[in-house]
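Each remark here refers to the structure printed beneath this line.
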Amino acid sequence: MEKIYSFLDSLDLPKLSPDAQSPLEQPLSIEEITNAIKLSQTGRSPGPDGFPMEFYKEFSSKLTPILESVYAESFATGNLPQTLTQATISVLLKKDKDPVQCSSYRPISLLCCDYKILTKTLALRL
């Protein structure tokens, strides 16, 4: 990790001022999480937990307080729950490729929707 941090520190990237950082570091609100759920795409394959985005949209009012609590604890501890770090890796046949050849396939990672909601909520802050 030290090599990664050293490399990142060596880059001449623009830095946010403390005033610009402050709103990004605030706890996520139920409104932000609800908005992220509303804006999330449906009709996608679910991750390892099996819950599709349609489930989160249907039960948003019951799930957002739970998600808010999980996300707040994650930010406080600096660790995501294991379920938010898991993915199901699947392979898809590339268009017009020979299904007998291994190189004809590409991997995709199916992530849990609660992780997608977290990342969407954070992205909307930017």
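Structure above, values below:
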quantity	calculated
Failed condition for Ala20, given (1) closer than 18 Å to Leu124 by Cβ; (2) hydrophobic (A, V, I, L, M, F, W, C); (3) modelled with pLDDT of 95 or more	(3)
Filter pass, Ser6 being among the hydroxyl-bearing types (Ser, Thr, Tyr), over 29 Å from Ser90 (Cα atoms) and free of Cβ contacts under 8 Å to residues at least 40 places away in the same chain	yes
Counted residues, segment 17-34 - those being loosely packed, with under 10 Cβ neighbours inside 10 Å and farther than 18 Å from Phe75 by Cα	4
Cβ-Cβ under 9 Å pairs, at least 6 apart or on other chains, segment 15-42 side closer than 18 Å to Cys112 by Cα and in a loop (DSSP other than H, G, I, E, B), far side modelled with pLDDT of 95 or more and among the hydroxyl-bearing types (Ser, Thr, Tyr)	Ser40/Tyr56
Single unsatisfied condition, Phe55 versus (1) under 16 Å from the mean Cα position of the chain (by Cα); (2) closer than 30 Å to Ser90 by Cβ; (3) surrounded by 11 or more Cβ atoms within 10 Å (Cβ to Cβ)	(1)
Scope segment 86-124; condition among the polar types (S, T, N, Q) and touching a residue at least 12 places away in the same chain (Cβ under 8 Å); matching residues	Gln86, Thr88, Ser90, Ser109, Thr121
Filter result for the condition that a residue is closer than 19 Å to Gly43 by Cα and of a type in the set (A, V, I, L, M, F, W, C), over Val100, Val91	Val91
Counted residues, segment 75-89 - those being surrounded by 12 or more Cβ atoms within 10 Å (Cβ to Cβ) and either part of a loop (DSSP other than H, G, I, E, B) or out of contact with any Asp or Glu (no Cβ under 7 Å at 6 or more places or on another chain) (or both)	6
Test: Lys97 is charged (D, E, K, R), touching a Ser or Thr at 6+ places or on another chain (Cβ under 8 Å) and part of a loop (DSSP other than H, G, I, E, B)	yes
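The values are calculated or read from the model by the stated rules, or taken from the named source; none is laboratory data. Note that the structure is a prediction, hence the values are computed from the model and not measured. Note that each Cβ is placed from the backbone with ideal geometry, even for glycine, and that neighbours are counted across all protein chains shown.
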